[in-house]
């Protein structure tokens, strides 16, 4: 429910994309497996997952030494609790055993879940899980199995926090001070283990083309198999009227000719491209048709002179076109919300509020349970006095 803001648009609007383009050739998941040794390798790189059959990729897939150490500590704690649970004292269970039982049913179960979830996700990224990816075809759109590392970043971090908290339970006085020192040492180890990765091997000057949109253009020219299309595209293409403008020495986003006159006499006065909105001004001497060089997709909102305007698909490339009367007009195209996106956002927002409310209620109930009986009685007495005084 919390992820409805992403899942609902994906399910409703995803089929409008030619998804087969995103699951073959360079995007084929079988070219991007992670081998078990890479999870522990300290290698760090700035390349791609470009070894389709081995473990010599140009990027790192390591979990992190501290995460691994804390995961191993979690296994040790779980084994200790499990063995203690099964060690009876005579024919009855001691008070200590009851405490261990409570620990297992609360923190230990959560540790076990996070540990197993981490292992399951790691397995899913390896070649051994090829059968699973073939059986569940929807996994193809993930493209790169190593993207699932984002899940292990969460599960292993949460697991590490539980382990540190478990080690600190029941510690008092001087022992707590020593534990604080250990926690500080652990934090320093995390910094030390990550420090070598915080500075690039060699800084290079950032050319303007890497920041103004041409980087994506150059990447697509180098890898034409990674171009994406919508279902409305009847004729696929690798070049467009914008190609020459991207290659021009005096490139500027404002010079990209997003608008074109398809029918009628006229000219395009200006253009603009701002990532989520595009448009410009056109002048036509007779009623005509203007093409907007953007793929038609749910969410585009077209306005002419500030007023919502009807548009249609421009064949054969699945672009946007609209009819305009004679005169000078400002055309603005902006990506907005759709009903399914709005519904997903509402569901996620309401779910988040409910979770925060439940968390707050649990905190309050836990705090009340921890109050000594005499304190609770005193609070009830004070409340009764206030109510009585109010009646008077």
Subject >> Count of the range 313-325 residues which are within 33 Å of the chain's Cα centre (by Cα) and surrounded by fewer than 19 Cβ atoms within 10 Å (Cβ to Cβ) >> reply: 1
**OP:** Report yes if residue 348 is surrounded by 10 or more Cβ atoms within 10 Å (Cβ to Cβ) and more than 30 Å from residue 258 (Cβ to Cβ), otherwise no.
**Re:** yes
**OP:** Taking residue 77 as the residue in question, decide whether it is modelled with pLDDT under 90, in contact with a helix residue (DSSP H, G or I) (Cβ under 9 Å, 6 or more places away or on another chain), in the same structural domain as residue 164 (by TED's automatic domain parsing) and over 19 Å from residue 151 (Cβ atoms).
**Re:** yes
**OP:** Quick one: which residue in 28, 50 is within 30 Å of residue 204 (Cα to Cα) and at pLDDT 80 or above?
**Re:** 50
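Residue by residue, here is whether (1) assigned to a helix (DSSP H, G or I); (2) under 28 Å from residue 343 (Cβ atoms) holds:
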position: 7; (1), (2): yes, yes
position: 12; (1), (2): yes, yes
position: 38; (1), (2): yes, no
position: 43; (1), (2): no, no
Original post:
Out of all the residues in the range 329-337, is one or more more than 30 Å from residue 228 (Cα to Cα) and either outside any helix (DSSP H, G or I) or at pLDDT below 95 (or both)?
Top reply: yes
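Checking the structure you have, find out if any residue of the range 59-70 is outside the structural domain of residue 297 (by TED's automatic domain parsing) and more than 25 Å from the chain's Cα centre (by Cα).
The first filter runs over the range 59-70 and keeps only residues outside the structural domain of residue 297 (by TED's automatic domain parsing), leaving 59-70.
When the remaining residues are screened for being more than 25 Å from the chain's Cα centre (by Cα), the result is 69.
Yes, there is a match, as at least one residue in the range 59-70 is outside the structural domain of residue 297 (by TED's automatic domain parsing) and more than 25 Å from the chain's Cα centre (by Cα).
Could you tell me which of the residues 299, 213 is over 24 Å from residue 26 (Cβ atoms), surrounded by fewer than 17 Cβ atoms within 10 Å (Cβ to Cβ) and within 29 Å of the chain's Cα centre (by Cα)?
Of the residues listed, the single one that is over 24 Å from residue 26 (Cβ atoms), surrounded by fewer than 17 Cβ atoms within 10 Å (Cβ to Cβ) and within 29 Å of the chain's Cα centre (by Cα) is 299.
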Subject >> Within the range 242-259, considering residues that are in contact with a strand residue (DSSP E or B) (Cβ under 7 Å, 6 or more places away or on another chain) and part of a loop (DSSP other than H, G, I, E, B), the one surrounded by the fewest Cβ atoms within 10 Å (Cβ to Cβ) >> reply: 257
Original post:
Looking only at the range 274-286, which residues are without any contact (Cβ under 8 Å) to a residue 40 or more places away in the chain and on the phi < 0 side of the Ramachandran plot?
Top reply: 274
**OP:** Scan (1) part of a helix (DSSP H, G or I); (2) surrounded by 12 or more Cβ atoms within 10 Å (Cβ to Cβ); (3) modelled with pLDDT of 90 or more for the single condition residue 356 breaks and write down its number.
**Re:** (2)
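The values are calculated or read from the model by the stated rules, or taken from the named source; none is laboratory data. No experiment lies behind these values; they were computed from the predicted model shown. Cβ atoms come from the backbone with ideal geometry, glycine included; neighbour counts cover every protein chain shown.
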